[in-house]
Structure formats: C-alpha cells, structure tokens
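The values are calculated or read from the model by the stated rules, or taken from the named source; none is laboratory data. Note that the structure is predicted; figures quoted are calculated from it, not measured. Every residue, glycine as well, gets a Cβ built from its backbone with ideal geometry; the counts of neighbours run over all protein chains shown.
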C-alpha cells in the first residue's frame, strides 16, 4: 500500500536506479556447489601412500601446470628434507618441465633456486653446479622479467662456486655475449656478472683477462650498458685498484645524465682509495663543475651529488685548501630552487630533493667545517633549511637536528630559534618527526641541564620558551586524530623527569599530563599518560610537591565522582607497581585501591578483582602482615556480599590463584630478579630523598649564612652607632668643641687646635676672674 503511493522519483531516491537493482540479480542465481567435475577431481587426486619425493616426481610428470608450479615452489623444503634424492630425481624433472614452460613456472623455479642458494641448504658443489647448468640454460629468456630473475639466481650461485667452475662455465660464455652483435639484455647481464666475479679472482687475472672487456663495455653505444658497467666499477676497482679512474672521469662527462650519475656515485664511493693528488686535481674540479645548479639537464646528477656531499667532504677532509670552496658550494645547494622574494620555491621536485639531501648532510658538514665555526660558516644555511617553505625539507631538517645538537655540545643555544620554529611548525608531521625521533628531547635538553640544577637559582631564559613549545606540540597532537603518535609523544616526554628541575616540571607538565589522564578517551593514551605522571611523581625531589600530586590522584581519581575516573586510578595503580618500589606502592597506593571494594559500580569492582593478584605480589611477610589482612578482608567481602555475576565469577577464579600465591612462591630465580629490581628502585627512591634533604640543608644553610651575615652587619652598624653616640656624649661632657666638630664634620686637627685654644682662653679667663676676686 505504501509502495503504491510512491512516485518513480521517490523510489529512485530511496533505492537508486533500477539498473543498479538489476545488476544485483545474480544473487538469486543458483550457485554451483562444486567448481570441478568428477573427472577433474580424479585427475587432481594423488595416491596418499606416496612420499614427498615420489609425489613431486609424479606431479611433475603427469600433473597440471598449477600442480607443477606448486611442486617447484616447494623445492627448497624438499632439499632441506632429503637433498640427495631431490637433486637425483626431482631436479632433472624440473629441468624437463622448464623447457617450453610459461613465465609463471620460470619465475617459480628461479625463486626456488635462489632460496636454495641464499639459505645455504646445499653443502656440496655438485648440487650448485647442477643449479648453474639450469640457470645458464634459461639466462637469455626472451621475457625480460624472467631473464632478470635467472640473473639474480646466477649472481647468488657465483658466491658458492669455485674459481675454475666460474672461469669455465661463466666467463667463457661471457666473453662471447659481451660483443655488440648480441642483444642489449645480454650485454647488461654481462656487466653485472663482471662486477660479481671480479672479487673472486686475483688482481693480475682481472687486469689481464677482464679489463679489456670492461673497457669495451664502458664505451658501449647504448647508454644503459655504460651506466650499468659504471655501477659495477666500484667492485672491480676494489679488486684492481684505481686503474679505471680515467674511464670513470670520462663517464662523468658522458652525454647521458644517467651515466654521469652512476659515475659520480662510483667516484664518491671510491674516495678512500683515490690518492690525494687525484682528489685535488681530478675529483674536486669535477665536483665544482657539476655543482652548478643552473644547468637544468644535470639536476638529477646534482641531486645525487647533494646526497653524497657529506661523504665527499669527509673524503676531502685533509685538503684544507678546498674547504672554503666546498662549503661555498654546499651553501649554494642549500638554497637551490628558492627565490629571493618571500623565500618562495619554483615547485621543482629535483631542487626540493637537493635541499632535503643538504639537510641529510648537515651533521657531516658540521664536522667538516668544525663546530667552532658553525655560527659563521653554516648557521645561515642551517636556519634557511629549518624555515624552508617545503614541508619535506623541514621534516628532513628535523630528522638531522638532534645530530647537529650533539656536535655543537655546549653551543646548543645557537640553534634555539630553529628549535622553537620546528616545534611550533604548522605541519604536524614536522613536529612529530622532530619530537618522536631518536630521543631528541634528551639530546636537546641535556646541554642545558647543568644550568638549571636545583642549586642554581637562575633558570636559563631559553627554558620557558622551550617548555611552552613542547606543551604546544603536545596539544597540537592531542587535538588531531593520530592517537598512536600522541601515545609515542607522551612516552618521549617521560624523559623530562630526569632533566628538568622539579619546580618547572611540577608547574608546567604535571598538570597537563593529569588533564590528559582524566579527559582523554583513548585507552593507550590514558595508560601512557598514567606512566608519564608516575614517572614525574617518582623523580620529583620535593616532598610537598609529591604529596600534592598523590592527593590529587586520590581525590580526583580514587575518590572521584565519576566511575570512569576510579577506573583510571586502578590503571595508575597497575602502572605504579612497575615504576615504584613495593614499599612506596604499599604506602601510598594499596589502601586507596582496596577501598574501591565498596564502590557502587560493578565495573570498578570487576577491575579491582583483576588487579588483586598484582596487589598480592607486592606484599612480603611479615612486614606487610596488616596489609595482607586488609587484602584478605577485601576478598572475603567480594565473595560474601557481591551480587554481580561477572565479579563473582572473576573473584572465584582469582581466589585459587591468590591462595597459591600465598602458599607457593614464585620460582627462585624469578623472585630473586624481582627482589633485586625492587631493591634497586628502593635505593633510588632513598637516594632521591637524601638528595632532597641535602638540597634543603644547603638552601637552609645558605639562607642562614645570609641571615648571619646580615645580622652581623646590623650588629656592626649598631656597635658603630653606639660608639659614635658614646663618643658624642663624652665629647659634649669633656669638650664642647668636639660636639661642634662632630656636627659640622670638620677636620680633627682643626678641632684639636680649636680645643686647645679654647682650653687656654678658658684657663686665662678663669685666672683673670680669680684675680679679680682676690683683689
């Protein structure tokens, strides 16, 4: 009735076009129950009484193509089980099947023989020779993929063959296949074989028999052959020396860029073998000519050279005359493709790759130029790469940043600006690559740690900015949906507890980690936040701050209004058993955890039941006898009064385990290892307490000494004031002139003479007055 009221447009809106419904009509078709007929099944059936070797021979003889391919793919297993019978009966059948076989069977045979040779399954050379005959027979297959597969098998077989076999079976046909009349594929194979066999013979044999062939292939008319031969010259040069350096220099100036690229890579890889004169007069001019990035045709060569530039400079480290020129070229490469206005790029991928390679070579260039000259030589280029407009370049700079910091040592403040720029980068991948790399925070902050010890009152001004940037990076990752990276970031931040002063850590990071612990909805992130918070708590050396953190855990989590927070507290307890010693855990975490037995939410009690064996393992008798009684009371309460069926089932299962734990201890060596680890943790905690007391005593002693000095200064001032007052009073009583001198500040000699004159005049006046009285 409802469908009759619907129009055609409405039905198409609900169900889509009718054509789409018609395409689904195949679902109602009858499905064929068997994909094979009875006759086909009979053909595929093999007698079960046959062993593996007989079954393989039978299937290779009369089986279908899929069965033959399966047997050939399983050939390494047959060789492991019975190598003699496999090579006597199965391998000849495989050789017969390969004649005229398709590409699938050819690739399966090449892969199987390669596995046999690489895994060292065969032990005698006759079996290797048998494989070699098969490989050489199909090496020139018309299919390029199949031919390359057989070539890889041949190159692996050369390692296991004796010299005489290689010379007779490989080199003699090789001399014939290297001629120009043969195909390109055959000449390419000859180049790779020459590079492989050169290390098997003495240098005089290589120079006498192989060098003419190598030189002819270096001059081949096809650039693919010249490039392939150039790639093999490194192995050949290690066997013959630097006699092929002229050929390499000539190939470095080849008309094709791929040949020049191969030549430069080979020259740089052979740098340690080239003598100083050739380095100075051959290699350096060649490098300088290639470093010109204005040539668009050589951008691929310059990109490869920029990747090897650090290795090149390391090889030329002794040439002090060329250091300035190489550094100047590196500076040019660091800004390749950047336009001067607004630091914009031209969108060239090759030039962006050049700048990425420069970031990769930054540590080597710092070593080459000496870290003492970093500010004058490399800092502008380093700063430019860290602020590059391309995200890939900044990511590469972030990957090399911690190595540069290691080399700078105490001069790490030179790159403080770039450090903040990478931490606050707009691209999340740059920040994550920078923070979540190979312990970068530990490397970045360690040079500044001595400057911010608890005994130093002045904190470096870089630290607040750096901590703010680290917090901003965490918030940026937390707002994204990449929770795995958030988890890894929190794991990296846990090392801050060993580096930062407790005051800074308590004020900046601990509140943020606690917020993540209580608000984040991803369980792995919650657990990592709990581990980081416990790490901060363990290494905090101030009793007041530790007490505050524990109170916050108890009040906000263990006694929180939300059952979700109480579950998080049990997760924190589970992590705390791994971080703290048993003594510390039992003192601060065990009782709040056991009190959750009265929790009204069954999920919390269920979580507590799962945690009980771990809590029981933290107790040691007779020291923890009272705590064990409380744990047993908790178990009895759950057994007697629990109504939730899942909690009851769990506690009944764990009751047996708890009884076993209380009666039967762990294995001796495991318990001994745990006890030693716990003793180590307890010693560390005791050491932290002693360090806290020492720092407090030193700070109190310093404060007392300052107060004592101030008190002594005040006493001196008071004594001086009393002396002056007494002297003033005495002078007023003895001699009024002293009062005048004291008030006016006149000279003592003047006051003394005035006193004498006044005394004489006063005595004269007294005599005159007495005389008058007598008269």
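Tabulated results
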| quantity | calculated |
| --- | --- |
| Filter result for residue 475 (without any contact (Cβ under 8 Å) to a residue 40 or more places away in the chain, surrounded by fewer than 16 Cβ atoms within 10 Å (Cβ to Cβ) and under 19 Å from residue 424 (Cβ atoms)) | yes |
| Test set (1) under 27 Å from residue 151 (Cα atoms); (2) at pLDDT 85 or above - residue 123 fails condition number | (2) |
| Test result for residue 417, at pLDDT below 85, touching a helix residue (DSSP H, G or I) at 6+ places or on another chain (Cβ under 8 Å) and either within 20 Å of residue 337 (Cβ to Cβ) or part of a helix (DSSP H, G or I) (or both) | no |
| Residue within region 433-441 that is in a helix (DSSP H, G or I), crowded, with 18+ Cβ neighbours inside 10 Å and modelled with pLDDT of 75 or more present | yes |
| Residue within region 248-265 that is under 12 Å from residue 218 (Cβ atoms) and out of contact with any helix residue (DSSP H, G or I) (no Cβ under 7 Å at 6 or more places or on another chain) present | yes |
| Residues located in region 563-576, provided they are surrounded by 19 or more Cβ atoms within 10 Å (Cβ to Cβ) and more than 15 Å from residue 529 (Cα to Cα) | 566 |
| Complete set of residues in region 59-84 that are surrounded by fewer than 18 Cβ atoms within 10 Å (Cβ to Cβ), within 24 Å of residue 133 (Cβ to Cβ) and more than 47 Å from the chain's Cα centre (by Cα) | 61, 65, 84 |
| Some residue of region 658-665 being under 43 Å from the mean Cα position of the chain (by Cα) and modelled with pLDDT of 75 or more | no |
| Qualifying position, being at pLDDT 85 or above, within 25 Å of residue 131 (Cβ to Cβ) and in contact with a helix residue (DSSP H, G or I) (Cβ under 8 Å, 6 or more places away or on another chain), among 215, 231, 187, 226 | 187 |
| Which listed residue is modelled with pLDDT of 80 or more, in a helix (DSSP H, G or I) and closer than 19 Å to residue 267 by Cα, from 356, 313 | 313 |
| Elements of type helices (runs of 4 or more DSSP H) in region 193-269, at least 3 residues being closer than 23 Å to residue 154 by Cα | 211-218, 223-240 |
| Complete set of residues in region 496-540 that are buried (at least 21 other Cβ atoms within 10 Å of the Cβ) and not in a helix (DSSP H, G or I) | 500, 540 |
| Number of the condition not met by residue 389 [criteria: (1) over 19 Å from residue 309 (Cα atoms); (2) modelled with pLDDT of 85 or more; (3) crowded, with 18+ Cβ neighbours inside 10 Å; (4) touching a strand residue (DSSP E or B) at 6+ places or on another chain (Cβ under 9 Å)] | (3) |
| Test result for residue 490, in a helix (DSSP H, G or I), touching a helix residue (DSSP H, G or I) at 6+ places or on another chain (Cβ under 8 Å) and surrounded by fewer than 20 Cβ atoms within 10 Å (Cβ to Cβ) | no |
| Hey, residue 89 in contact (Cβ under 8 Å) with a residue 12 or more places away in the chain, assigned to a helix (DSSP H, G or I) and surrounded by fewer than 16 Cβ atoms within 10 Å (Cβ to Cβ) or not | no |
| Residue count, region 591-639 (criterion: within 20 Å of residue 572 (Cα to Cα) and either under 44 Å from the mean Cα position of the chain (by Cα) or surrounded by 15 or more Cβ atoms within 10 Å (Cβ to Cβ) (or both)) | 30 |
| Test: residue in region 146-159 that is at pLDDT below 80 and either in contact with a strand residue (DSSP E or B) (Cβ under 8 Å, 6 or more places away or on another chain) or not in a helix (DSSP H, G or I) (or both) | yes |
